[in-house]
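Read through the structure below, which is laid out as structure tokens, and then see the notes.
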Amino acid sequence: MWLTEKMVESQTTGEVFSGKVTGGQNAQVAVQGESEYRELALAAPWGIAYLPPAGAKAVILGSGQQSVCAGTIVESSELEPGELLLYSAGGARICLKNSGDVIINGQIFAKVEES
């Protein structure tokens, strides 16, 4: 949303593309869509670092040297609105539930009620 607002503010008509991640390293990815994109920087909220696996569907904003991978498409999820899931290609999972519970690799850590 922030990126969209900034594009509107500057009246820039940025382009949006998608494609499959073909590789990545050092916080950059290569993506094959209608064109091939190499050494795309990865955009994410501060404090979150990621490197999507090959085959993930990437969203690319901008064109030419100004292009950036804004993230990947979430294929499916059992989340309810307001919940957060962190997961890795190796199967590690951390889920923050609306109930306040935290689920780490299937183990539930119940919310501690404040007194």
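All of the numbers you see were taken from the coordinates with simple rules; none came from a lab. Keep in mind that what you see is a predicted model, and the values were worked out from it rather than measured. Backbone-built Cβ (ideal geometry, glycine too); neighbour counts: all protein chains shown.
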Sequence-distant aspartates and glutamates (8 or more away, or on other chains) whose Cα lies within less than 14 Å of LYS57: GLU34, GLU36, GLU75
The chain, dipole about Cα centre (Lys/Arg Cβ +1, Asp/Glu Cβ -1), debye to the nearest 20: 320 debye
Low-density loop positions, chymotrypsin sites (Phe, Trp or Tyr not before Pro), segment 49-115 - DSSP coil, at most 16 other Cβ in 10 Å: TYR50
Relative contact order (%) - criterion: Cα under 8 Å, at least six apart; region: segment 18-87: 28 percent
Hydrodynamic radius (Kirkwood) for the chain, which is based on Cα pairs only, to one decimal in Å: 16.2 Å
Straight-distance crosslink candidates among aspartates and glutamates, where the alpha carbon sits under 19 Å from LYS111 and sequence neighbours closer than 8 are dropped: GLU80, GLU83, ASP101
Per-residue Cβ neighbour rank within 10 angstrom, fewest leading, GLU75, GLU83, GLU36: GLU75, GLU36, GLU83
